[in-house]
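Undergrad: After the C-alpha cells below, expect a handful of questions from me.
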Amino acid sequence: MVPAPLVHAAGPVTLAGGGPICADDLEACLALSDKLVAADGGANRLLELRQTPDAVIGDMDSLSADSAAMLQDVLYPVAEQDSTDFEKCLTRIAAPLVLAVGFTEGRVDHALAAFNGLVRHFGRRCVIVSRREVITLTPPELTLALTAGDRVSLFPLQRVTGTSRGLHWPIDGIEFTPGGVVGTSNRADGAVSLTVDAPGMVLFLPRRSLGPLLEGLTRAPHWN
C-alpha cells in the first residue's frame, strides 16, 4: 500500500538526513525549495544550523529529547521498520522533486541504503546533494549540459543497459549489473545524453553540476 502523503508542495522540498550537513549545500537547496523536512535525527542537525523543519518524519529513534520538545507540533512518527527513514520521507512527500542533504557524508552503509531507496522508489524524483557530488536515479532519458572533462559515474543497482552520446567511453551495448560491469569514472566530452532501459542506474556528477542536472531533469520523462 502506498503511504498517504504527509507533506505537500508545488515546488521542490529539501530533505535533511542525520549525517553531516554542509551549511552551504543546505542553503543552496533551500533557495530552490518550498518546504524543509527532516528525516528523524536530521532535525537535530537542522536545529544546530538554526533551521526549523516544517515536518519531521521517521521512527524517531535518533531524535533528541530537546529537539522533540521544540518540534512537537510537526512530528510525524512512522513506526514500521521495513524501510529507512529516508524512504519513509521519500514516500510521504508529495512534490515534483526532493533535494536531499545529510545522507552521504557519514556512514557508508547509510549512503548505500539511500541509493537503494532511490531505486526502490523510482517513481519519486530525488537528487542527493553532497559536498563533492550530486546523485540521482537516471530517468529513461536524460540530456545534460555538461562541460568537457566533467566526471560522469554510473553505478547499477540492478541489471541495466543503455545508450549514450557525449560520453568519452560510450555505454552502448554494455550490460551493467551489481557485481559485474559498472560505469564509474567516465567523463563528458561536452553535452551528454543518456538512455537506460530500467530504473536501476545511479548517476553521480560533480557538485557544480547541480544546475545542469536539475535543468535536465525538468525535461526528462519519469519512470512509470
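The values are calculated or read from the model by the stated rules, or taken from the named source; none is laboratory data. No experiment lies behind these values; they were computed from the predicted model shown. In this analysis, Cβ positions are derived from the backbone assuming ideal geometry, glycine residues included, and neighbour counts consider all displayed protein chains.
Undergrad: Would you check which residues across region 100-142 are over 24 Å from residue 191 (Cβ atoms) and in a strand (DSSP E or B) and list them?
TA: Answer for region 100-142, where residues must be over 24 Å from residue 191 (Cβ atoms) and in a strand (DSSP E or B): 100, 101.
Undergrad: Restricting attention to region 58-67, does a residue exist that is closer than 28 Å to residue 211 by Cβ, within 21 Å of the chain's Cα centre (by Cα) and small (Gly, Ala, Ser)?
TA: no
Undergrad: If I ask for residues that are surrounded by fewer than 19 Cβ atoms within 10 Å (Cβ to Cβ), closer than 19 Å to residue 186 by Cβ and more than 15 Å from the chain's Cα centre (by Cα), which ones from region 199-219 would you list?
TA: 208
Undergrad: Of all residues in region 56-84, which are under 26 Å from residue 96 (Cα atoms) and crowded, with 21+ Cβ neighbours inside 10 Å?
TA: 56, 57, 58, 84
Undergrad: When you check residue 147 against the structure, is it at pLDDT 95 or above, within 25 Å of residue 190 (Cβ to Cβ), surrounded by fewer than 16 Cβ atoms within 10 Å (Cβ to Cβ) and of a type in the set (Ser, Thr, Tyr), yes or no?
TA: The answer is yes for residue 147.
Undergrad: Please report, ordered by residue number, the helices (runs of 4 or more DSSP H) entirely within region 1-99 with at least 3 residues that are of a type in the set (Gly, Ala, Ser). It would help to see each step written out before you state the result.
TA: Numbers: elements: 23-30, 42-48, 65-70, 85-90.
Result: 65-70.
Undergrad: Something else now. Scan 117, 123, 102, 106 and give me the residue that is outside the structural domain of residue 210 (by TED's automatic domain parsing), surrounded by fewer than 20 Cβ atoms within 10 Å (Cβ to Cβ) and modelled with pLDDT of 95 or more.
TA: 123
So that you can scan it fast, the table gives a plain yes or no per residue for (1) polar (S, T, N, Q); (2) surrounded by fewer than 18 Cβ atoms within 10 Å (Cβ to Cβ); (3) under 21 Å from residue 114 (Cα atoms):
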residue: 157; (1), (2), (3): no, no, yes
residue: 162; (1), (2), (3): no, no, no
residue: 167; (1), (2), (3): no, no, no
residue: 177; (1), (2), (3): yes, yes, yes
residue: 183; (1), (2), (3): no, no, yes
residue: 188; (1), (2), (3): no, no, no
residue: 191; (1), (2), (3): no, yes, no
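Undergrad: Among the listed residues 119, 101, 78, identify the single one that is over 22 Å from residue 12 (Cα atoms) and β-branched (Val, Ile, Thr). Give the steps one after another, and end with the answer.
TA: Working: 119 fails: over 22 Å from residue 12 (Cα atoms); 101 fails: over 22 Å from residue 12 (Cα atoms).
Matching residue, one of 119, 101, 78: 78.
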